[in-house]
Amino acid sequence: MEIITLSGRLYGDCEQKTDKNGNRYIRFKVSCTGRDYSGNIKYTMYRCFCYDTSYSILKNGDLVFLSGDLNTSIRTDDTGKSWINCDVYVKNITKGN
C-alpha cells in the first residue's frame, strides 16, 4: 500500500455516486502544483474518491488537504498514446480557506 498526502485545488465540481453495493461516495479531481528538478512549474492531477459524503459540496477551485491510498496505473489508447492515472482512495480530508 502507498499512502499519499496532498494539498491542491479541485479541478471541476465534486460528484456523488453509488457503488455496486449501494454505498454512496464522492469523486473529484485534485490538481497539485509543484516544481520539477529543473525548477519548472509542473501540475499533477489526481482522481480521488471518498466514502465521507459530507464533502459533497466541494466545488471547482476549492482548496483541500487530504491523505489516502495511492494507486497508479498506465493506460494506452487505441492510437498508442499512453498516460498515467493517479487514483487516491481518500481516508482523511479537510477543506481549506
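The values are calculated or read from the model by the stated rules, or taken from the named source; none is laboratory data. This structure is a prediction, so every number in the text was calculated from the model and none was measured. Cβ sites come from the backbone with ideal geometry, for glycine too, and all protein chains shown count toward neighbours. Just the protein is used for accessible areas: all its heavy atoms, side chains included, with ligands, DNA and RNA removed. Shrake-Rupley method; radii C 1.70, N 1.55, O 1.52, S 1.80 Å.
Pull out all pairs, ordered by first then second residue, where Cβ-Cβ is under 7 Å, the residues are six or more apart or on different chains, the first lies in the range 35-48 and is more than 16 Å from Val64 (Cα to Cα) and without any contact (Cβ under 8 Å) to a residue 60 or more places away in the chain, and the second is open to solvent by 90 Å² or more (accessible area, probe 1.4 Å) and among the polar types (S, T, N, Q). Here the result reads Ile41/Thr33, each pair linking the range 35-48 to a residue that is open to solvent by 90 Å² or more (accessible area, probe 1.4 Å) and among the polar types (S, T, N, Q). When Thr79, Thr44, Thr18 are checked against the criterion of being open to solvent by 30 Å² or more (accessible area, probe 1.4 Å) and under 14 Å from the mean Cα position of the chain (by Cα), a single residue qualifies: Thr44.
Among the residues of the range 1-29, write down those that are in a strand (DSSP E or B) and over 21 Å from Lys95 (Cβ atoms). Of everything in the range 1-29, those that are in a strand (DSSP E or B) and over 21 Å from Lys95 (Cβ atoms) turn out to be Glu2, Thr18.
Filtering the range 64-78 to residues that are within 19 Å of Phe49 (Cβ to Cβ) and of a type outside the set (Lys, Arg) leaves Val64, Phe65, Leu66, Ser67, Gly68, Asp69, Leu70, Asn71, Thr72, Ser73.
Filter the range 82-93 down to residues that are open to solvent by less than 80 Å² (accessible area, probe 1.4 Å) and of a type in the set (S, T, N, Q) and give me whichever is nearest to the chain's Cα centre (by Cα). By that ranking, first place goes to Asn85.
Here is a yes/no grid of residues against (1) modelled with pLDDT of 95 or more; (2) part of a loop (DSSP other than H, G, I, E, B):
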site	(1), (2)
Ser31	yes, no
Ser38	yes, yes
Val64	yes, no
Arg75	no, no
Val88	yes, no
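Residue pairs whose Cβ atoms lie under 8 Å apart, sitting 6 or more positions apart in sequence or on different chains, and linking a residue in the range 74-85 that is in contact (Cβ under 8 Å) with a residue 24 or more places away in the chain to a partner that is basic (Lys, Arg) and surrounded by 10 or more Cβ atoms within 10 Å (Cβ to Cβ), are Asn85/Arg47. If you check Ser73 against the conditions, is it farther than 17 Å from Ile93 by Cα, over 13 Å from the mean Cα position of the chain (by Cα) and open to solvent by less than 50 Å² (accessible area, probe 1.4 Å)? For Ser73, the condition - farther than 17 Å from Ile93 by Cα, over 13 Å from the mean Cα position of the chain (by Cα) and open to solvent by less than 50 Å² (accessible area, probe 1.4 Å) - is met.
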